[in-house]
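The values are calculated or read from the model by the stated rules, or taken from the named source; none is laboratory data. Just so it is clear, the model here is predicted, and its values are computed rather than measured. Cβ placement follows ideal geometry from the backbone for every residue including glycine, while neighbour counts extend to all protein chains displayed. Side chains included, ligands, DNA and RNA excluded: accessible areas come from the protein's heavy atoms. Shrake-Rupley method; radii C 1.70, N 1.55, O 1.52, S 1.80 Å.
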Amino acid sequence: FVAMGDWKTLTVPVLSSDSKNIFQYTSEKKVSPPSMNSQVLRLPLPSSKSMHSFFSAFCTEENIEQSISYLNRELTTLGFPSIYAESKGKELNLISIINCMNELLVLQHKNLRAQEEVEMQHLKLGSDMDHLQNCYAKLKEQLELSKREIVGLQERDRQLQSKNRNLHQLLKNEKDEVQKLQNIISSRATQYNHDMKRKEREYNKLKERLHQLVMNKKDKKIAMEVLNYVGRADGKRGAWRTDKTEARNEEEMYKVLLSDYEQRQKQLLVENAELKKVLQQMKKEIISLLPPQKQKPKERSEDGPVLSDLEEDIGELNKENMWELSCETVREQLTNSIRKQWRMLKNHVERLDNQVSRVHSGALNEKDVISREDHELETEKLELEIQQCKEMIKTQQQLLQQQLMSPCDDDTTLLLQDCYLLEERERLQEEWRLFREQKKNFEKERRSFTEAAIRLGLERKAFEEDRGAWLKQQFLSMCTDYKHSENVTTPSAFLGSSDQDNRLVKSTSQQRKPHCMLSGPVSAEPCQTSQHITCNSSSAASKKPAGDSKPNQWVESDKEETE
Amino acid sequence: ASCVQYRLVVRDVNTLRILQLYTCLDQIQHIEWSSDSLFILCAMYKRGIVQVWSLEQPDWHCKIDEGSAGLVASCWSPDGRHILNTTEFHLRITVWSLCTKSVSYIKYPKACQQGIAFTKDGRYMAVAERRDCKDFISIFVCSDWQLLRHFDAETQDLFGIEWAPNGCVLAVWDTCLEYKILLYSLDGRLLSTYRAYEWSLGIKSIAWSPSSQFLAIGSYDEKVRILNHVTWKKITEFEHPATIANAKTIVYKEVEKSPSVETERLSFPPTRALASSLFSTQSKYDISQVPVSLQYIKPVADRANPKMGIGMLAFSPDNCFLATKNDNIPNAVWIWDVQKLKLFVVLEQLCAIQSFQWDPRQPRLAVCTGNSKVYLWSPAGCVSVQVPMEGDFQIVSLSWHSSGDSMALLSKDNFCVCYLEREEV
């Protein structure tokens, strides 16, 4: 029987061949759809001949039963259902076989995947390992380097220390030498002094000897010849030297000394007084500078009342006659109090400095920080504004200058003036044109109006004639009918009407008359009264507004002229 | 007054007209006016004779013979009636009185530069003495030459003494091997001692301020230390470095102008004057920009009395300025502002400074450097004045008139008087 341990990996192909065999076997026994099986069998399995040889190695025709049972055992141990049919015997449950195969396939896939994963991880770990090994190697190198450096530095340190020690030693040696030399010098000096003294004594002896000899010689030689005595410089007589004079001399000497000391003392007193005054002033100023710290003395313990008393005393002493007191305690008190105040001021200033430095670092007191930032921003803004304003001013100045400069140039001014004049002229021309147009229009209108008036006049005439004729007829008829005295009123009516007409005519003539009266001056002067204008407006329709009264007047005058 | 060999010539200051002419017995080494300007003493050290002449009575004469005692120094007393002669080897000081013809002796005077000091008011005289290798100071009353005080000075080897202008303090300083200055009061009490350092060379020169407020001490370490009169402690020290870096200091540098021969001069000059004007170069002052580096000379180390340190000190009469000269930088005069205690002006000259002196009335400094120019500085500015003389006139020293209107310029053989005009206000 062949060893089974190696067959695990070959379960699938074995099964396939087995299934082949089984199929062959079963085809003999059972009725199974051959087509399906054949299809199943024809699954593309890269089965090579070697596999077949393996397959045949496990299961041959002889041991089919055994191999099947073995397979069944294995499968059942693996947890698969049995491949035998329900009933005992050698009937194989194909379905279960297939299921088992499927399960085995699935398992195989899973295992493959797991293997892949494991291999991946293995690779990863291998690369990690490599990496770590590299790092380790590098770190080892670095460690080596630093160790070597340390060794080098230590060596240098040792050298420097030894050098230092050498130098110290040298210094000590030098100092010792100096000391020795000084000792030598001092000993030599004493020796010299001693020798000098000895020589001096000898010399003195010689001098004494000489002196004696000199004095013993003729005294006459040592003399003074004076023609006559000279008076003393201060005119006094010479006085003998007595004890009194000695005493007087002493007195005078002491007087001189005392006067000198007194003078110096006066100077010192004056200086002292000035300094005290200055100190007091300083103290006052310091106190005024410091923030009021009235609570402090209270907070202190037993020293509190004592110190405040002292301060009060000092305050009392700060009066005018302070400098007259020059005793020790007062002086001490003054200096102590000033020292205290000064220390307090110093602390205060230090605190302020700390605050300022903190502000600079930006930690506390945001208000100040912000205001500073704001301040900076504002200053920047203001600077920009200033810049802009300056530029504006510059440009304006330039423009001003240009403008101012231009009149200086005669040609340009003339040109400019000409330009202005041209402009005005053109404007005026325009206006003239307009004006002439208007004038033409007005003339046209006037003409039309005059024609209309002429026609009107003619028509009126005709009308009058007709009326006259009609009246005549009427009259004639009336006269003929007078005998018929019924239509008395009608002629009055007619007369009225004719009167009316006459009145109309009269009124018009009357109207015209004032026109004629006024037209004279009108033609001369263009100015008109409003009355006239209204009259004009009532009689003649003027299209133009009242602003331009000229054409109206002229129309009127023309009207008058025509009539 | 001036002396030529053995003649004493007295001239008027304003006109330089010879008023008197006296003849002495021997070559005159030293002349001195008496304080009331009535007498002149002429000292002839070789002969040991001092002759005194009177201006009022030209035929009055006086001769003091020291004989074999010899004569080393001679000076007037402040009252103008006594002459103090220092005999040879500083054996003694003889005080001769012109009024009484009496003689006094002061024994064991100290053989030092400034052994006798009179107070400004002329009342007291301090004499340095040395007995048994110890220094002492004796204070005498000038009116009757009575010994007032005698005390020992704690110096190794006293070098000099000087009274303060107020006459109450006496400054006593030690040899240059030891930097020590002692201040004694008039009655002999030691007021204070000041030591700046040890072992190096010490004090070279000192000067009192006119108000006696300050005592300026110039030392070999090129520094000036100022002590104040109240505490006798150092209030500041002035350094004299070779490079001036402070921008507030004005540095005037003497610069040679190319000699310009004016055309008007060419018409009638005597040839000598023209030649001299050509040879003598004009100079003027230029203001140099700081930093300025001055010419520094390091003296030879193995010689005694080296030319280093502050050799000259002088306060101006109004107490505002202090003029100093650092011997290491011999061409420069340093003027310090006393009120601010800061360096004010530096005058850099072309030649080494010989001497300078303040005008007794105002803050005006006259400097001479051994050429024929005198240099004047005042807070308003500085000017270089050429002495109009034919030939060379090398000014070695100068001396102001007490009124401040003129000064005498001395060369080796000649002297001239320079008159300064006052500005019309």
**Prompt:** Of the residues that make up the stretch A:189-204, is at least one of a type in the set (A, V, I, L, M, F, W, C), farther than 14 Å from B:Gln156 by Cβ and surrounded by 11 or more Cβ atoms within 10 Å (Cβ to Cβ)?
**Reply:** no
**Prompt:** Does any residue in the stretch B:60-80 that is in contact (Cβ under 8 Å) with a residue 12 or more places away in the chain and among the aliphatic types (A, V, I, L, M) come within less than 6 Å, Cβ to Cβ, of a residue that is surrounded by 18 or more Cβ atoms within 10 Å (Cβ to Cβ) and assigned to a strand (DSSP E or B) six or more places away or on a different chain, and which pairs are these?
**Reply:** B:Ile64/A:Met224; B:Ile64/B:Val50; B:Ile64/B:Trp96; B:Leu71/B:Asn85; B:Val72/B:Thr86; B:Ala73/B:Thr86
**Request:** Taking A:Glu202 as the residue in question, decide whether it is under 30 Å from B:Asp135 (Cβ atoms) and part of a helix (DSSP H, G or I).
**Result:** yes
**Message:** Within the stretch B:87-117, take every residue that is open to solvent by 60 Å² or more (accessible area, probe 1.4 Å) and at negative phi and give me the one that is nearest to the other protein chains (Cβ to nearest Cβ).
**Reply:** B:Thr100
**Prompt:** Taking B:Val72 and the conditions (1) under 30 Å from A:Leu206 (Cα atoms); (2) facing another protein chain (nearest Cβ under 8 Å), which numbered condition does it fall short on, given that it satisfies the others?
**Reply:** (2)
**Request:** State yes or no: is B:Leu190 within 27 Å of A:Arg264 (Cβ to Cβ), among the aliphatic types (A, V, I, L, M) and surrounded by fewer than 16 Cβ atoms within 10 Å (Cβ to Cβ)?
**Result:** yes
**Asked** How about the stretch B:60-82: which of its residues are within 21 Å of the chain's Cα centre (by Cα), crowded, with 24+ Cβ neighbours inside 10 Å and outside any loop (DSSP other than H, G, I, E, B)?
**Response** B:Ser74
**Request:** Mind listing whichever residues of the stretch B:180-232 are within 14 Å of chain A (Cβ to nearest Cβ) and closer than 21 Å to B:Lys298 by Cβ?
**Result:** B:Tyr197, B:Trp199, B:Ser200, B:Leu201, B:Gly202
**Message:** On the basis of being hydrophobic (A, V, I, L, M, F, W, C), more than 14 Å from chain A (Cβ to nearest Cβ) and surrounded by fewer than 18 Cβ atoms within 10 Å (Cβ to Cβ), does B:Leu25 make the cut?
**Reply:** no
**Count - residues of the stretch A:259-286 that are facing another protein chain (nearest Cβ under 10 Å) and either of a type in the set (A, V, I, L, M) or under 26 Å from B:Trp145 (Cβ atoms) (or both)** = 3
**Message:** It is to be established whether one or more residues within the stretch B:6-19 are at negative phi, in a strand (DSSP E or B), within 14 Å of chain A (Cβ to nearest Cβ) and modelled with pLDDT of 80 or more.
**Reply:** no
**Asked** What tally of residues in the stretch B:118-144 results from selecting those that are open to solvent by 20 Å² or more (accessible area, probe 1.4 Å) and either away from chain A (no Cβ under 12 Å) or over 30 Å from A:Thr190 (Cα atoms) (or both)?
**Response** 8
**Message:** Between B:Arg195, B:Arg225, which is touching a Lys or Arg at 6+ places or on another chain (Cβ under 7 Å), surrounded by fewer than 19 Cβ atoms within 10 Å (Cβ to Cβ) and over 25 Å from A:Met253 (Cα atoms)?
**Reply:** B:Arg195
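Residue by residue, here is whether (1) in contact (Cβ under 8 Å) with a residue 12 or more places away in the chain; (2) open to solvent by 100 Å² or more (accessible area, probe 1.4 Å) holds:
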site: A:Glu424; (1), (2): no, no
site: A:Gln429; (1), (2): no, yes
site: A:Glu437; (1), (2): no, no
site: A:Arg446; (1), (2): yes, no
site: A:Leu471; (1), (2): yes, no
site: A:Leu476; (1), (2): no, yes
**Item:** Near pairs, Cβ below 7 angstrom, 6+ apart or cross-chain, from the stretch A:363-385 (at negative phi) to any residue that is at pLDDT below 75 and outside any helix (DSSP H, G or I)
**Value:** A:Val369/A:Gly362
**Message:** With the structure loaded, tell me whether B:Lys204 is under 18 Å from the mean Cα position of the chain (by Cα) and either more than 30 Å from A:Glu271 (Cα to Cα) or without any contact (Cβ under 8 Å) to a residue 60 or more places away in the chain (or both) or whether it fails that test.
**Reply:** yes
**Message:** Restricting to the stretch A:277-301, name every residue that is at pLDDT 85 or above and open to solvent by less than 90 Å² (accessible area, probe 1.4 Å).
**Reply:** A:Val278
**Check on B:Asp174, of a type in the set (Asp, Glu), surrounded by 21 or more Cβ atoms within 10 Å (Cβ to Cβ) and either over 21 Å from B:Arg225 (Cβ atoms) or touching a Ser or Thr at 6+ places or on another chain (Cβ under 9 Å) (or both)** = yes
**Prompt:** Any residue in the stretch B:52-59 that is more than 10 Å from chain A (Cβ to nearest Cβ), under 22 Å from the mean Cα position of the chain (by Cα), surrounded by 19 or more Cβ atoms within 10 Å (Cβ to Cβ) and assigned to a strand (DSSP E or B)?
**Reply:** no
**Complete:** The residue that is most open to solvent (accessible area, probe 1.4 Å), considering only those in the stretch B:363-385 that are within 19 Å of B:Asp413 (Cβ to Cβ) and assigned to a strand (DSSP E or B), is B:Lys373
**Request:** Look through A:Leu310, A:Leu325 and report the one residue that is in a loop (DSSP other than H, G, I, E, B) and either at pLDDT below 80 or aliphatic (A, V, I, L, M) (or both).
**Result:** A:Leu325
**Request:** Please tell me if B:Ala408 is small (Gly, Ala, Ser), out of contact with any Cys (no Cβ under 6 Å at 6 or more places or on another chain) and over 23 Å from B:Thr243 (Cα atoms).
**Result:** yes
**Message:** For the stretch A:325-352, give me the residue count where each residue is under 32 Å from the mean Cα position of the chain (by Cα) and open to solvent by 90 Å² or more (accessible area, probe 1.4 Å).
**Reply:** 2
**Request:** Tally the residues that are on the phi < 0 side of the Ramachandran plot and either open to solvent by 40 Å² or more (accessible area, probe 1.4 Å) or at the interface with chain A (Cβ under 9 Å from one of its Cβ atoms) (or both), restricting the search to the stretch B:34-49.
**Result:** 8
